[in-house]
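The structure under discussion appears below in the form of structure tokens.
Rule-based calculations on the coordinates, nothing more; no lab input. Here the structure is a predicted model, which is why all the values come from computation and not from measurement. Glycine also receives a Cβ, built like all others from the backbone with ideal geometry; neighbour counts cover every protein chain displayed.
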Amino acid sequence: MQKKYIKNTLLSIAIGLTLPACGGGSNDTPVTENKPTPATTTNSISFPASWFTLETDEDKQFFIVETQLSKRNNSFTAQSNVIFQQQNSHPQIDIGDYQYILTKEKLYYNQAGNHAVDLVENKNNSITIGYGSNGQGLTTTINYKIIPLANRAVTSAVITNQLFDQPDAIESNYLKLKTAFQKSSATFSQNAECYQYLNSKNNQETISFNDNFTVNETLEQWIADKQSNNFTVKQETWAGYRIAFVMEQDDPKNAHDHIVVEINHQLYFAYYDGTQLNDHSAYYSDPQIFKDGICNLYNSSATDTLKTALQGLPRN
């Protein structure tokens, strides 16, 4: 099957959004029974680990979300909490995956997009997570590098280039937060480290979509409509479900509009991802930033220091 559309967002294929999550809205630290493990010396990710995102609401007020990944008996859970918000902001947290993930072998469904995910392997600067037991189903492998943060400033470029990733932004609230953060004098402790995602790869092709991705046509009507526009339509059956798609060369600019799947007589448009190796450097306009290092995930020691610095930002 030819590539139709690949989601062009780093987090959608990185470890964060492929893990189950439960929402949060408080400033409390997520509760977990995991005990922090020391900084790794075996080229593996140390859990629990967290990542941080700077978000904005409809009124352009900013808030910061911490998502903590915890592992128990090789099963992952994630919890998100708002750790900082400007006055009058209205935080909303949405970190779920797609509700439906279809492969040629199986349909994975979860109402909230919180698919159960297990750790298959975590060593040699590579982590593999699986949607099926013992890694027998859909898996994603992410290769990463470990960036030591001992004694480095929280304002280091490896932090700010990811957290404040809008170099051309001129919005006053954003610039105020960025400037205030740059004045922080905090440094990381000896055991602090972070992890940079280098590339990722699925072991199976996937078609992903949500309940609200409905198409008000039958599959036959959709096919007829595309063919009337001189598009070549191909049909396949994945895990017992019919799909149809337009060949990308027919309409490359609108390729994302041209794949549908039929579930229980309802048609949905969907997003396709293949088994190609996704180079994460492609998600950065400046290749030097990626080469110099980007922190996508932090171990518990680095998390504590960075979280404290972020919570000290001005709220008005």
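Structure notes:
- Legend: distances between Cα atoms for Lys106/Lys201; Lys201/Lys291; Lys123/Lys201; Lys176/Lys291; pairs beyond 25 Å are Lys176/Lys291.
- The phi-based Karplus calculation (6.51 cos²θ - 1.76 cosθ + 1.60; θ = phi - 60°) puts the 3J(HN,Hα) values of segment 63-77 at 8, 10, 10, 9, 10, 9, 9, 10, 10, 9, 6, 6, 9, 9, 10 Hz, whole numbers, x for Gly and Pro.
- Extension gain from Gln92 to His265, taking 0.36 nm per residue of separation minus the Cα-Cα distance: 59.0 nm
- Using a cut-off of 21 Å between Cα atoms, the listed pairs Lys104/Lys234; Lys60/Lys183; Lys104/Lys226 include Lys60/Lys183; Lys104/Lys226 as exceeding that distance.
- Filtered GluC sites (Glu not before Pro), segment 47-76: DSSP coil and at most 10 other beta carbons within 10 Å: Glu58
- Residue list for segment 127-167, given a label point 7 angstrom along the Cα-to-Cβ vector of Tyr241 and an amide N cut-off under 15 Å: 138
- Arranged from fewest to most other beta-carbon atoms within 10 Å of their beta carbon, His265, His280, His90 become His265, His90, His280.
- Sorting Ile93, Ile45 from the fewest to the most surrounding beta carbons within 10 angstrom yields Ile93, Ile45.
- Phi-derived couplings, Karplus 6.51 cos²θ - 1.76 cosθ + 1.60 at θ = phi - 60°, listed residue by residue for segment 225-237: 5, 5, 5, 5, 9, 6, 8, 8, 10, 10, 10, 9, 10 Hz, with x used for Gly and Pro.
- Sequence ranges 223-229, 305-311, ranked by mean other-Cβ count within 10 angstrom, highest first: 305-311, 223-229
- Both radii were evaluated on the Cα set of segment 74-137; the Rg over Rh quotient, with Rh as the Kirkwood radius, amounts to 1.10.
- Segments 177-185, 155-163 sorted - mean Cβ within 10 Å per residue, highest first: 155-163, 177-185
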